[in-house]
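Everything on this sheet refers to the single structure shown next.
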Amino acid sequence: MAPAITVENLRKVYGDLVAVDSVAFEVHEGEIFGMVGPNGAGKTTTIECIEGLRRPDGGNAQVLGMNPQRDGYELREHIGVQLQEATLPDRIKVWEALDLFAAFYRKSVDWHPLLEQLGLAEKHNASFGKLSGGQKQRLFIALALLNDPELIFLDELTTGLDPQARRAMWDLVRNIRQQGKTVFLTTHFMEEAERLCDRVAIIDHGKIVALDTPENLINSLGAENRVVFSLTGRLDEELLRAIPDVTRVEQVGERVVVYGQGDGLVSGVVNALGAGSVRFRDLHTEQPTLEDVFLALTGREMRD
Amino acid sequence: MRGLWKLTLMEAKLFLREPFAAFFTLAFPLMMLFIFGSIYGNEPTPFFNGRGSVDVSVPRYMAMIIASVGMLSIAITLSVYRERGVLRRYRATPLRPQTILTATVLVNFAMTSLGIVLLVIAAKIIYNLHFDGNPLAVLAGFVLACLSFFSLGFIIAGLAPTARVAQVVGMVIFYPMLFLSGAGFPREAFPETIRSLSKFLPLTHVVTLLEGLWFGDLWGSHLTEVVVLGGMLIAGVIVATRTFRWE
């Protein structure tokens, strides 16, 4: 099966700034592919070159077998696009926007079921300017689905949404994939990439620094799991160091962090604490996340 | 074609929902008609060379509507659409830029025509408006004036870096021109200096052309106006196509 997107050596320069530098990747049909990185890393420039909205200074992109620069209008018949910075006239109504955009495509689906699916049925007669941020984003997704696209681009879909709306949006994206569509999304939320994407490309300063499934990326770190708890009594650290899975123990005040690997870590720690009659509370585990992967690869924290 | 039709229809609805544009195009000319009509009536007067005040004012108000649509409505709408990202959203579809430009011209032409039809009907019913020209000649003059002033709007939108600048530039050109061209104020009352300055304003040529055609002049006697407005149109199309930007 041919990949939905093939990008080779993509390069885009703004003045002195190399926004996208030798970026290469493939997006497989039917997957949710995420590009994550801090703001300004080059995500939007990359996605807009692939959509044919920006002209790259070098490299190739092949999207659904088409060249986005040469076949831009034809390509946009087959893709759905949600842009990071776009809007509609304030006084256009939800149904009017759908009706209007449907007319821009040779082939479009009935938009009434889309309104239902995206939870906009009650708002169908509301003006765009009166919608909440989440409602606007859902309308933009509806617009991106009007032409029944094989491939849909979502650029910073959940930026500016509250956690609840963000989770609802994730369900929507999974739903889109379930209909057999390919999803290419960008985000600067590592958690979003981890929960939502089949494969993730981590981009920083215009370069892809890692590309794999979130699970493989995290495993590749060889990072340790952590068991964290608070002491209410006294602790002999040797008790914990004696557990085979434990690599080290840190104690700051009453907070204790036990580092280690292997499936027996948690039960080992709990059993040892029980056997030693150590009084503790708030015990929980922390797994490494994509956030840790980014930190390990770039030496920097992700910042919002 | 379906895209063009839907976009034109939608933009027409949005135009009518926008109080500022709808007011200046549809209501303001009627207000002027009623205010000055109630003061001066439409009896022939030597001040207007033996014509009635309303008869002379209607073709001039036509010029006013055309100018306000071109320099305010088109310039502001297009630059706001660009600045706010409406054009960006359109661009992510197969919609062509020429479809957007065509729809913009069509809808603004329709709204200008609507404003003028309302004005003429009201003037006819209330003040027994007189018309001595050839309807087709006036229609042709109206189309030429619209296109040349719309192109001015495209130039302002294309060259202005922000929507705010487009709005200010549009107003700064529009308001003085409205009064100094005779479109919004009787030019018979101008002193000589203003009258000579007035000759250099594009809107003066619209006023002269439409007023002349309204009272039965032939196109041949208005070659200056036709050349000026035609030149503006050509320059406008060239500048507008070169300066059109999606964002």
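No value in this document is a laboratory result; all are computed from the given coordinates. Remember, predicted model here, so these are calculated numbers, not experimental data. We place every Cβ from the backbone using ideal geometry, glycine too, and count neighbours over all the protein chains shown.
Sorting A:Ser127, A:Ser132, B:Ser151 from the fewest to the most surrounding beta carbons within 10 angstrom yields A:Ser132, A:Ser127, B:Ser151.
For chain B, set up a GNM with springs between Cα atoms under 10 Å and report which of B:Thr102, B:Thr193, B:Thr77 has the largest fluctuation. Result for chain B, Cα springs under 10 Å: B:Thr193 fluctuates most. Between A:Arg300 and B:Phe190, the C-beta separation translates, for a Förster distance of 60 Å, into a calculated FRET efficiency of about 0.30.
Just the Kirkwood number for region B:131-247, please: inverse of mean 1/r across all distinct Cα pairs, in Å, one decimal.
After inverting the pairwise mean of 1/r, the radius is 15.2 Å.
Treating each Cα of chain A as an identical point scatterer and ignoring solvent, apply the Debye formula and state log10 I(q)/I(0) at q = 0.10 Å⁻¹. Summing over Cα pairs of chain A leads to -0.66.
For chain B, the longest principal axis of the Cα atoms and the long axis of helix B:163-180 meet at an angle of about 10 degrees. Couplings 3J(HN,Hα) of region A:186-194, computed from phi: 10, 7, 10, 9, 4, 5, 4, 4, 5 Hz, in residue order, whole Hz [Karplus 6.51 cos²θ - 1.76 cosθ + 1.60, θ = phi - 60°; x for Gly and Pro].
Looking at chain B, the pairs of alpha carbons with a distance over 24 Å make up 45% of the total. Give the residues of region A:214-250 whose amide nitrogen is closer than 16 Å to a point set 7 Å from the Cα of A:Ser277 in the direction of its Cβ. Backbone N within reach: A:232-236. Comparing mean-square fluctuations of B:Ser79, B:Ser38, B:Ser181 from a GNM of chain B with C-alpha springs under 10 Å, the top value falls on B:Ser38. Apply the Karplus parameterisation 6.51 cos²θ - 1.76 cosθ + 1.60, with θ equal to phi minus 60°, to every residue of region A:86-91 and state each ³J(HN,Hα) to the nearest whole Hz, in sequence, with x for glycine and proline. Running phi through 6.51 cos²θ - 1.76 cosθ + 1.60 with θ = phi - 60° gives 8, 8, 10, x, 4, 8 Hz.
Note on chain A: helix-only mean residue ellipticity at 222 nm, from DSSP H runs of 4+ residues weighted -39500 (n - 2.57) and normalised by residue number, equals -9000 deg cm²/dmol. Model label sites at B:Ser38 and B:Ile126, defined 7 Å from Cα along the beta-carbon direction, differ in position by 0.8 nm. For a Förster distance of 60 Å, can you work out the FRET efficiency between the beta-carbons of A:Asn67 and A:Arg241, rounded to the nearest 0.05? Here the calculated transfer efficiency is 0.50. Of all DSSP bridge pairs formed entirely within region A:5-219, close to 50 percent run antiparallel. Distance between the C-alpha centers of region B:179-247 and region A:9-88? Whole Å please. If you average the Cα positions of each part, the centres end up 47 Å apart.
Evaluate Rg over Rh across region A:224-287, taking Cα atoms for both radii and Kirkwood's formula for Rh. Radius of gyration relative to Kirkwood radius: 0.90. Among beta bridges identified by DSSP and lying wholly in the protein assembly as shown, the antiparallel ones come to about 65 percent.
For chain B, modelled as a GNM whose springs connect Cα atoms under 10 angstrom apart, the maximal fluctuation among B:Leu152, B:Leu95, B:Leu233 occurs at B:Leu95. Give me the angle, in degrees from 0 to 90, between the Cα long axis of helix B:2-17 and the longest principal axis of the Cα atoms of chain B, rounded to the nearest 10. That works out to roughly 60 degrees.
Computed from the alpha carbon atoms alone, the convex hull of region B:1-69 holds 99 Å³ per residue. Per residue of chain B, the DSSP helices (runs of n ≥ 4 H) give a summed -39500 (n - 2.57) that works out to -24000 deg cm²/dmol at 222 nm.
Helix B:53-68 versus the longest principal axis of chain B: what is the Cα-based angle in degrees, 0 to 90, to the nearest 10? Around 10 degrees separate the two axes.
With a cut-off of 17 Å on the backbone N, the residues of region A:2-19 near the modelled label site 7 Å out from A:Glu74 along Cα-Cβ are A:5-6. For region B:141-247, trypsin sites (Lys or Arg not before Pro) are listed when DSSP marks them as loop and at most 13 other Cβ atoms sit within 10 Å of their Cβ; the list is B:Lys199, B:Arg245. Here the ratio of the Cα radius of gyration of the protein assembly as shown to 2.2 N^0.38 Å is 1.35.
If R0 is 25 Å, the Cβ-Cβ spacing of A:Thr285 and A:Ser220 corresponds to a FRET efficiency of close to 0.80.
The length gained on full extension between A:Asp162 and A:Thr232, counted as 0.36 nm times the residue separation minus their Cα-Cα distance, comes to 21.6 nm.
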